[in-house]
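The values are calculated or read from the model by the stated rules, or taken from the named source; none is laboratory data. Since we're looking at a predicted model, the values are computed, not measured. Using ideal geometry, Cβ is built from the backbone for each residue, glycine included, and neighbour counts are taken over all protein chains shown. Protein only, heavy atoms only, side chains kept; ligands, DNA and RNA dropped before computing areas. Shrake-Rupley method; radii C 1.70, N 1.55, O 1.52, S 1.80 Å.
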Amino acid sequence: MKLDATDRLILNRLQDGFPICPDPFLKVAQELGLTEDDLLARLGRMKAARIITRFGPFYDAEAMGGAFCLCAMAVPEADFETVVTKVNARPEVAHNYERSHRLNMWFVLATETAAEIEAVTTSLEQETGLRVLCFPKLTEFFIGFRVAA
Amino acid sequence: MNIDATDRRIIAATQGGLALVPQPYAMVAEKLGLDEATLCARLRAMQERGVIRRVAVAPNHYALGMVANGMSVWDVEDGAVAELGARVGALDYVSHCYERPRALPDWPYNIFAMIHGQSRDEVEEKRAQIAELLGDACRAGDILYSTRILKKTGLRLRPKEG
């Protein structure tokens, strides 16, 4: 799908936030000089074309009571595939990336409680014989990320 | 960040997204047996407390040409982390920015900032801009590019009961 100037205007505006009120689309449409129908139709097309990944409230994962931790390992080249298999087998591993560094494996653990994070990393260390470094989030800074559409 | 059982039901009903209909909140409220004003008040309260970061559109940045990214990491003086971390996070090409503990001696870096761009060169340019912004408070930096996705599952949250 090809985006026109109005689609881009909508994407840029809606990354900044969406109102919480009875007629939010009407409010945004008026602000942008569009009709509500046109705004909804354009959003529907962009969603169908997967230009829009998600639309709605973004929740802080930790508000749900879960625990998360970024972890890294320095895995010797020769053992890499074996270690990948062991790490990925854990349901607590949400995503895992190979990265260009001596610490070449980076994954995120997601568990119900903080204690489980430690249990999983200890058990992975025993199983692989490698250290698992933990980088829990200390401060999350406000994110100004925008994709210029 | 206290959330009660009703908030949890609201989270479960909206974390997949809002419907593209004129009254999306009324639709959620009806499904949950709440009135729309109560639902909106609770959503606003959760937003004020940071349980909801924002209500917004997340565009697919790959579809919009932002195909390159790198995890930049920085060793910033502890006393300057709060101010500089906030400035880096506010940049429009940084999608995540956290202070994390160092793991000495292996890992001296305490600020992590994910940089996005149209190309690897553009990511490197942005990285140079961040280095400049951090100035003398930054002792060292590095950038890690992902070379392979080894696992990717959704971080879909399962609200606990009650």
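Quick notes on this one:
- Evaluated against (1) more than 21 Å from the chain's Cα centre (by Cα); (2) exposed (fewer than 13 other Cβ atoms within 10 Å of the Cβ); (3) farther than 30 Å from A:Ile51 by Cα, B:Ser119 falls short on exactly one condition, (3).
- Residue within the range B:50-71 that is open to solvent by 10 Å² or more (accessible area, probe 1.4 Å), touching a Gly at 6+ places or on another chain (Cβ under 8 Å) and more than 7 Å from chain A (Cβ to nearest Cβ) present: yes
- Lone unmet requirement of (1) more than 8 Å from chain B (Cβ to nearest Cβ); (2) open to solvent by 20 Å² or more (accessible area, probe 1.4 Å) for A:Leu109: (2)
- Residue check for B:Ile10: in contact (Cβ under 8 Å) with a residue 12 or more places away in the chain, surrounded by 14 or more Cβ atoms within 10 Å (Cβ to Cβ) and within 25 Å of A:Phe141 (Cα to Cα): no
- Failed item in (1) more than 7 Å from every other protein chain (Cβ to nearest Cβ); (2) over 30 Å from B:Leu18 (Cα atoms); (3) out of contact with any helix residue (DSSP H, G or I) (no Cβ under 6 Å at 6 or more places or on another chain), with A:Leu138 passing the rest: (1)
- Residue selected from the range B:65-102 under the condition part of a helix (DSSP H, G or I) and within 23 Å of A:Ala148 (Cα to Cα), by the criterion nearest to the chain's Cα centre (by Cα): B:Gly89
- Residue check for A:Glu98: more than 9 Å from chain B (Cβ to nearest Cβ) and either farther than 30 Å from A:Asn12 by Cβ or surrounded by 16 or more Cβ atoms within 10 Å (Cβ to Cβ) (or both): no
- Condition check for B:Ile111: crowded, with 19+ Cβ neighbours inside 10 Å and β-branched (Val, Ile, Thr): yes
- Residue check for A:Arg54: in contact with a Gly (Cβ under 7 Å, 6 or more places away or on another chain), at the interface with chain B (Cβ under 9 Å from one of its Cβ atoms) and open to solvent by 40 Å² or more (accessible area, probe 1.4 Å): yes
- Which numbered condition B:Asp78 misses (of (1) open to solvent by 40 Å² or more (accessible area, probe 1.4 Å); (2) within 11 Å of chain A (Cβ to nearest Cβ); (3) modelled with pLDDT of 95 or more; (4) farther than 19 Å from B:Gly89 by Cα): (4)
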